[in-house]
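Take a look at the structure set out below.
The values are calculated or read from the model by the stated rules, or taken from the named source; none is laboratory data. Please read these numbers as outputs of a predicted model, since none were measured by experiment. Neighbour counts run over all protein chains shown; Cβ positions are idealised from the backbone, glycine included. Each accessible area value is taken on the protein alone, full model and side chains, heavy atoms only, with ligands, DNA and RNA left out. Shrake-Rupley method; radii C 1.70, N 1.55, O 1.52, S 1.80 Å.
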Amino acid sequence: MAKILIDNVEYDTDSLSDEALAQLQSIQFVDSQLATLQGQIAAMNTARIGYSNALQELLASIDNAEKGEV
């Protein structure tokens, strides 16, 4: 006897048709997948920043070596 809120209207899931329950389950699945993908995107963005910073340090080292700096 779970309740859900859709467009500010509360529904008892026991009163939903099988088709409505299937649609609800599909929405819940998609929401779960979106949350997983958003977490992966955040991790990839963090990794990209790290790689970019490492590259900038390497390029600065090359520039300094070419200028005779240590």
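Can you compute the helix-only [θ] at 222 nm over the chain? Use -39500 (n - 2.57) per DSSP H run of at least 4 residues, normalise by all residues, nearest 500 deg cm²/dmol.
That comes out to -26000 deg cm²/dmol.
At 7 Å along the Cα-to-beta-carbon direction for both ALA54 and VAL30, put a label point, then send me their distance in nm to one decimal.
Here the answer is 3.8 nm between the modelled labels.
Using only the alpha-carbon atoms, how far is helix 18-66 inclined from the longest principal axis of the chain? Give it as 0 to 90 degrees, nearest 10.
10
In Å², what does the accessible area per residue of the chain work out to with a 1.4 Å probe?
Result: 88 Å² of accessible area for each residue.
For percent of Cα pairs over 22 Å apart, several values are listed as (1) 9; (2) 28; (3) 57; flag the one computed from this structure.
This structure yields the entry labelled (3).
Summarise the accessible area of the chain (1.4 Å probe, protein heavy atoms) by the percent that is carbon and sulfur.
About 57 percent, which is the carbon plus sulfur part of the accessible surface.
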